[in-house]
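Trainee: The following block contains the structure, expressed as structure tokens.
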Amino acid sequence: MTSSTSDTVRRSRTRRHSRLTSREDRWFDRLNTAFLIVVVLVIGYPLWFVLIASVSDPHAVETGQVWLWPVDLHLDGYARVFAQGSIWVGYRNTVVYTLVGVALHLLLVLPCAYALSRRNMAGRTAVTWYILFTMLFSGGLIPTYLVVKDLGMLDTIWAVVVPGAAGAWSVLVGRAFFTQSVPEELAEAATVDGAGDIQIFLRIAIPLSAPIIATLALFHGVGLWNEYFKALIYLSDRDKYTLQLVLRELLVVSQETSQSGAGEAGSLIEQQRLASLIKYATMIVASLPLLIVYPFLQRFFTQGVLIGSVKG
């Protein structure tokens, strides 16, 4: 009888604890969902505002009438932006720079990261510290410019692509990925079967590396797509300008024209109106390709970002 009573009390406590736990879990899920909704709104609304402002009447934007939906819908800003032939040249150049730069980045980073992940590599600790050192100190702008000039890369694609092609952060993240995804036991088994280091890297490591490849490609590709400073410093031929540099010139010219005060009052108002439209349209033109590409890489990107956070 005592044993039966004890079991009944134990089951009752277990059920009560289960109800309390499930209630706490439900409240946690609700609060977590509410928090994530707020984060999405804080991050997403500015982009949405820029989008609707680019197709709204500038007067309505300046007076605060544009909040959630466009007002006086039109596409004059986009028509003015894409009417410039230099926009298409900038798009072409940026796409080429991004593709070539990402390919070079992966070609340099992946073999280096894989080699540093192998315990049998001589001096890998010293090399890792040397790479880490470059994250803290750099030569600066003037020495870098002189190196690029002496190598004959001024006013070429390589002036934009080569500096920074192999980042220390990318190497360290790739090293952590290969350490977890390609264990030493797997490499040793392949070695017993007669595979060399290059064969293990190409036939085993690379096929398992889709998440880290997507992550490194996305991070480096975004940096190249938004590249402005290197193009401004190293490029002088307008036919080699990046999209960001072309958009900057277009935006600066439109603002200077609207503020010059030349012409009649009606013409000045129209110029100011177009300058405001062009300002928002250039933001969308520069960001839209990345927003289109990101969903296709999101699955791999999520896995790659978490590399090194869990060790098991």
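The values are calculated or read from the model by the stated rules, or taken from the named source; none is laboratory data. Please read these numbers as outputs of a predicted model, since none were measured by experiment. We place every Cβ from the backbone using ideal geometry, glycine too, and count neighbours over all the protein chains shown. In case anyone asks, the SASA skips ligands and DNA or RNA and just uses the protein heavy atoms, side chains included. Shrake-Rupley method; radii C 1.70, N 1.55, O 1.52, S 1.80 Å.
Trainee: From the list Gln271, Gln244, Gln259, exactly one residue is modelled with pLDDT of 80 or more, under 30 Å from Val61 (Cα atoms) and not small (Gly, Ala, Ser). Which is it?
Mentor: Going through Gln271, Gln244, Gln259 in turn, just one is modelled with pLDDT of 80 or more, under 30 Å from Val61 (Cα atoms) and not small (Gly, Ala, Ser): Gln244.
Trainee: Sort out for me the helices (runs of 4 or more DSSP H) sitting completely within the stretch 161-250 that have 2 or more residues that are open to solvent by 60 Å² or more (accessible area, probe 1.4 Å) and closer than 24 Å to Ile131 by Cα.
Mentor: 168-181, 197-200
Trainee: So, one more: I'd like the full set of residues that are loosely packed, with under 12 Cβ neighbours inside 10 Å and touching a residue at least 40 places away in the same chain (Cβ under 8 Å), limited to the stretch 129-151.
Mentor: The answer is Leu141, and nothing else.
Trainee: Cβ-Cβ distance below 6 Å, separation of 6 or more or different chains: which pairs start in the stretch 70-97 with a residue that is surrounded by 15 or more Cβ atoms within 10 Å (Cβ to Cβ) and end on one that is small (Gly, Ala, Ser) and in a loop (DSSP other than H, G, I, E, B)?
Mentor: Pro70/Ser56; Val71/Ser56; Gly77/Ser54
Trainee: For the stretch 28-60, give me each residue that is modelled with pLDDT of 80 or more, of a type in the set (Phe, Trp, Tyr) and open to solvent by 100 Å² or more (accessible area, probe 1.4 Å).
Mentor: Listed by number, the list holds a single entry, Phe35.
Trainee: Give the residues of the stretch 150-198 that are within 30 Å of the chain's Cα centre (by Cα) and of a type in the set (Asp, Glu), sorted by residue number.
Mentor: Listed by number, the list holds a single entry, Asp155.
Trainee: For the list (1) assigned to a helix (DSSP H, G or I); (2) at pLDDT 90 or above; (3) closer than 21 Å to Ala231 by Cβ, I need the number of the one condition that Met153 fails.
Mentor: (1)
Trainee: Suppose the filter is of a type outside the set (Lys, Arg), open to solvent by less than 20 Å² (accessible area, probe 1.4 Å) and in contact with a Lys or Arg (Cβ under 7 Å, 6 or more places away or on another chain); does Leu116 pass it?
Mentor: Yes.
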